[in-house]
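Q: Provided herewith is a single structure, encoded as structure tokens, for subsequent inquiry.
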Amino acid sequence: MHVLLVEDDPAVRGAVERALRGAGHTVDIAASGDRGLAAATATPFDAIVLDLGLPVLDGLEVCRRLRAAGDRVPVLMLTARAAVADRVEGLDAGADDYLVKPFALDELLARLRALGRRSAAGVQTRGTLRFEDLELDRDAMTARRGDRQIALTRTEFQLLELLLANARRVLSRDVIFEKVWGYDFGPDSNSLDVYVGYLRRKLEAESEKRLIHTVRGVGYVLRDAP
Ligand code: CA
């Protein structure tokens, strides 16, 4: 993969760059947010490893501006703290995944592989999925609820696609993680719940009926009644 690494800390940058090159990736480097954004705008990368705390523009702002410009490049955000609020902010800005420092380089490579697989899977042409008044256009990667157009991030799209393709079937957290993220997040991960929260907010923005229901102790299901 052609990877853009945006990191201002020389020690982290050097270690991640060596690991990426060692795994056979081509790496471009930027040491500040504005340079990272300029590089990402000039070149279509396969993935971006983006530090949260950066000079000039922070990682959140870089990610927001990329998404606002319609760029769907997979973004793996590096955050210094494990606080839930930080993760939520990163995912909200349009990042596809995050990794808390300090992290194992093998873990970073595994996450990148998973993002690459998802990205490659995303280019297939697959038509439209429907349930009740909800419609998912898999070619345009957009959703509709009645007449209302709903913009989705890559991960929201993949999660909703999985739920729609398995309507009325209860999906366990493990199955959802494996299908959407491509690896095991571990039992304490809350990113699934964060994403379900995003989807519900978008799908119920005009007080529409809830379609994504929690099945306590198991996972989630898309259906018309709780
Ligand atoms: Ca930093």
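The values are calculated or read from the model by the stated rules, or taken from the named source; none is laboratory data. Bear in mind the structure is a predicted one, so any value in this text is a computation, not a measurement. Heads up, the Cβs are rebuilt from the backbone with ideal geometry, glycines too, and the neighbour counts pull from every protein chain shown.
Q: Quick check on region 171-179. Is at least one of its residues free of Cβ contacts under 8 Å to residues at least 12 places away in the same chain and in contact with a strand residue (DSSP E or B) (Cβ under 6 Å, 6 or more places away or on another chain)?
A: no
Q: Quickly run through region 18-32 and pick out the residues that are surrounded by 14 or more Cβ atoms within 10 Å (Cβ to Cβ) and over 19 Å from Asp97 (Cβ atoms). Outline the logic, then answer.
A: The initial filter retains those residues of region 18-32 that are surrounded by 14 or more Cβ atoms within 10 Å (Cβ to Cβ), namely 19-20, 23, 25, 27-32.
Listed by number, the residues that qualify are Asp28, Ile29, Ala30, Ala31, Ser32.
Q: Let me ask something else. Condition first: crowded, with 17+ Cβ neighbours inside 10 Å, assigned to a loop (DSSP other than H, G, I, E, B) and not polar (S, T, N, Q). Now tell me which residues in region 134-160 satisfy that.
A: Arg138, Met141, Leu152
Q: Then there is this: Which members of region 73-90 meet the condition of being at pLDDT 80 or above and more than 14 Å from the ligand (Cβ to nearest atom)?
A: Hits for region 73-90 are Val73, Pro74, Val75, Leu76.
Q: Here's something else I'd like to know. Show the residue pairs that are 6+ apart or on different chains and have beta-carbon atoms under 9 Å apart, the first residue being within region 10-33 and assigned to a helix (DSSP H, G or I), the second being among the polar types (S, T, N, Q).
A: Leu20/Thr26
Quick grid of which residues meet (1) more than 15 Å from the chain's Cα centre (by Cα); (2) more than 16 Å from the ligand (Cβ to nearest atom):
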{"site": "Asp9", "(1), (2)": "yes, no"}
{"site": "Ala31", "(1), (2)": "yes, no"}
{"site": "Leu50", "(1), (2)": "no, no"}
{"site": "Asp58", "(1), (2)": "yes, no"}
{"site": "Arg67", "(1), (2)": "no, yes"}
{"site": "Asp92", "(1), (2)": "no, yes"}
{"site": "Pro102", "(1), (2)": "yes, no"}
{"site": "Arg111", "(1), (2)": "no, yes"}
{"site": "Arg117", "(1), (2)": "no, yes"}
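Q: Here is a check on your reading of the model: is Arg35 modelled with pLDDT under 90 and either surrounded by fewer than 22 Cβ atoms within 10 Å (Cβ to Cβ) or touching a Phe, Trp or Tyr at 6+ places or on another chain (Cβ under 7 Å) (or both)?
A: On the way: modelled with pLDDT under 90: no; either surrounded by fewer than 22 Cβ atoms within 10 Å (Cβ to Cβ) or touching a Phe, Trp or Tyr at 6+ places or on another chain (Cβ under 7 Å) (or both): yes.
For Arg35, the condition - modelled with pLDDT under 90 and either surrounded by fewer than 22 Cβ atoms within 10 Å (Cβ to Cβ) or touching a Phe, Trp or Tyr at 6+ places or on another chain (Cβ under 7 Å) (or both) - is not met.
Q: Just to be sure before I move on: is Pro44 more than 16 Å from the ligand (Cβ to nearest atom), surrounded by fewer than 18 Cβ atoms within 10 Å (Cβ to Cβ) and not aromatic (Phe, Trp, Tyr) in the structure I sent?
A: Here the answer is yes, as Pro44 does meet what is asked.
Q: Check off (1) within 19 Å of Ala95 (Cα to Cα); (2) buried (at least 18 other Cβ atoms within 10 Å of the Cβ); (3) at pLDDT 85 or above; (4) of a type outside the set (Ser, Thr, Tyr) for Leu163 and give me the number that stays unchecked.
A: (1)
Q: Another one. Name the residues in region 114-153 that are in contact with a strand residue (DSSP E or B) (Cβ under 7 Å, 6 or more places away or on another chain) and modelled with pLDDT of 90 or more, would you? Lay out the reasoning, then the answer.
A: Taking region 114-153 first, the residues in contact with a strand residue (DSSP E or B) (Cβ under 7 Å, 6 or more places away or on another chain) are 115-116, 128-129, 131, 133-138, 142-145, 149-152.
Answer for region 114-153, where residues must be in contact with a strand residue (DSSP E or B) (Cβ under 7 Å, 6 or more places away or on another chain) and modelled with pLDDT of 90 or more: Phe131, Asp133, Leu134, Glu135, Leu136, Ala143, Arg144, Arg145, Gln149, Ile150.
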